[in-house]
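S.K.: Before I ask anything, let me first share the structure, which is written out below as structure tokens.
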Amino acid sequence: MNEPVKQIGILAVQGDFEKHAQMLDRLGAAWKLVKHVVDLEGVAALIMPGGESTTMLKFFDEEGLGPAISRFAAQGKPIFGTCAGAILLAKEVLNPSQAHLSLIDISIERNAYGRQIDSSVRKGDCPELVDHQVEMVFIRAPIIRRVGVGVRVVGTCDGLPVLVEQGNIFAATFHPELTEDATIHRYFVDKLGG
Ligand code: GLN
């Protein structure tokens, strides 16, 4: 008998969730959009996209999504947060402080590149994943200011940690869904094993 297909949920309350769906299509991974708590049923992993974390928090409050995502994480299921998604997953949020899920032991500063640098495309390194430099798109991006002892830095850019992992939680301060390079998503999809 065939194993049931493992579906990746993409949080779709706000932000650029469609680009993640396109990337998963390219990789041949099954996905579904998650807008309500009930949508998490049967989902094996979750992507939390970039967008505006304060707006996402309003939906979290209305829908009870925060506690549901914490329960999802406690089951050991992989979660990948990009940009605003990474902010929501962090243990500490600066500039200013706001509600967060505390699922990965990092301190993250919102809009940390300054207003004059609204967005930029840089090159970074993820030596464990790939031997070429990775194009990284930063949009009103946060900076990870502290990395806890249990957190592994998987990617850096300009000397800063930009891709981090702790257990089943994976977070990027940039937008890997906005380039042609599927390396980062492939690494996440592979966590589901086959
Ligand atoms: N600046 C946004 C926030 O604080 C994040 C930007 C993004 O996700 N591209 O939520």
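The values are calculated or read from the model by the stated rules, or taken from the named source; none is laboratory data. Please read all numbers here as calculations on a predicted model, not as lab measurements. Reconstructed Cβ throughout: ideal geometry from the backbone, glycine too, with neighbour counts over all protein chains shown. Only protein heavy atoms, including side chains, enter the accessible area calculation; ligands, DNA and RNA are left aside. Shrake-Rupley method; radii C 1.70, N 1.55, O 1.52, S 1.80 Å.
S.K.: Before we move on, is ASP118 more than 12 Å from the ligand (Cβ to nearest atom) and either open to solvent by 70 Å² or more (accessible area, probe 1.4 Å) or over 17 Å from PRO78 (Cβ atoms) (or both)?
M.R.: No; evaluated as a whole, the condition is false for this residue.
S.K.: Scanning for something more than 16 Å from the ligand (Cβ to nearest atom), touching a strand residue (DSSP E or B) at 6+ places or on another chain (Cβ under 7 Å) and among the aliphatic types (A, V, I, L, M), does segment 9-17 turn up at least one residue?
M.R.: Within segment 9-17, the first condition is being more than 16 Å from the ligand (Cβ to nearest atom), and the residues that meet it are 9.
Next, from what is left, pick out any that are touching a strand residue (DSSP E or B) at 6+ places or on another chain (Cβ under 7 Å): 9.
This time we only want the ones that are among the aliphatic types (A, V, I, L, M), so: none.
Among the residues of segment 9-17, not one is more than 16 Å from the ligand (Cβ to nearest atom), touching a strand residue (DSSP E or B) at 6+ places or on another chain (Cβ under 7 Å) and among the aliphatic types (A, V, I, L, M), which makes the answer no.
S.K.: Among residues belonging to segment 70-107 that are over 18 Å from GLY148 (Cβ atoms) and in contact with a Ser or Thr (Cβ under 7 Å, 6 or more places away or on another chain), point out the one that is farthest from the ligand (Cβ to nearest atom).
M.R.: GLN98
S.K.: Please go through segment 121-145 and give me each residue that is charged (D, E, K, R) and open to solvent by less than 90 Å² (accessible area, probe 1.4 Å), ordered by number.
M.R.: First, pick out the residues of segment 121-145 that are charged (D, E, K, R): 122-123, 125, 128, 131, 135, 140, 145.
Correct list: ARG122, ASP125, GLU135.
S.K.: Of all residues in segment 156-173, which are within 20 Å of ALA84 (Cβ to Cβ) and touching a helix residue (DSSP H, G or I) at 6+ places or on another chain (Cβ under 9 Å)?
M.R.: LEU163, VAL164, ASN168, ILE169, PHE170, ALA171, ALA172, THR173 - these are the residues of segment 156-173 that are within 20 Å of ALA84 (Cβ to Cβ) and touching a helix residue (DSSP H, G or I) at 6+ places or on another chain (Cβ under 9 Å).
S.K.: Hey, could you check segment 18-33 for residues that are in contact (Cβ under 8 Å) with a residue 24 or more places away in the chain and in contact with a strand residue (DSSP E or B) (Cβ under 8 Å, 6 or more places away or on another chain) and say which is most open to solvent (accessible area, probe 1.4 Å)? Steps first, answer last, please.
M.R.: Step one: filter segment 18-33 for residues in contact (Cβ under 8 Å) with a residue 24 or more places away in the chain, giving 19-20, 22-24, 26-27, 29-33.
With in contact with a strand residue (DSSP E or B) (Cβ under 8 Å, 6 or more places away or on another chain) added as a condition, the list becomes 20, 24, 29-33.
Values: HIS20: 0, LEU24: 0, ALA29: 17, ALA30: 33, TRP31: 83, LYS32: 53, LEU33: 60 Å².
Looking at residues that are in contact (Cβ under 8 Å) with a residue 24 or more places away in the chain and in contact with a strand residue (DSSP E or B) (Cβ under 8 Å, 6 or more places away or on another chain), I get TRP31.
S.K.: Considering only residues that are among the β-branched types (Val, Ile, Thr), more than 16 Å from the ligand (Cβ to nearest atom) and under 24 Å from GLY51 (Cβ atoms), which ones fall in segment 129-152?
M.R.: Within segment 129-152, VAL134, VAL147, VAL151 qualify.
S.K.: Let me ask you something else. For segment 146-174, enumerate the residues that are open to solvent by 10 Å² or more (accessible area, probe 1.4 Å) and assigned to a loop (DSSP other than H, G, I, E, B).
M.R.: Here is the first cut: in segment 146-174, the ones open to solvent by 10 Å² or more (accessible area, probe 1.4 Å) are 146-147, 149-153, 156, 158-161, 165-168.
VAL149, GLY150, VAL151, ASP158, GLY159, GLY167, ASN168, listed by residue number.
S.K.: Applying the selection to segment 36-68, what residues are more than 16 Å from the ligand (Cβ to nearest atom), in a helix (DSSP H, G or I) and among the hydrophobic types (A, V, I, L, M, F, W, C)?
M.R.: Across segment 36-68, the qualifying residues are VAL37, VAL38, LEU40, ALA68.
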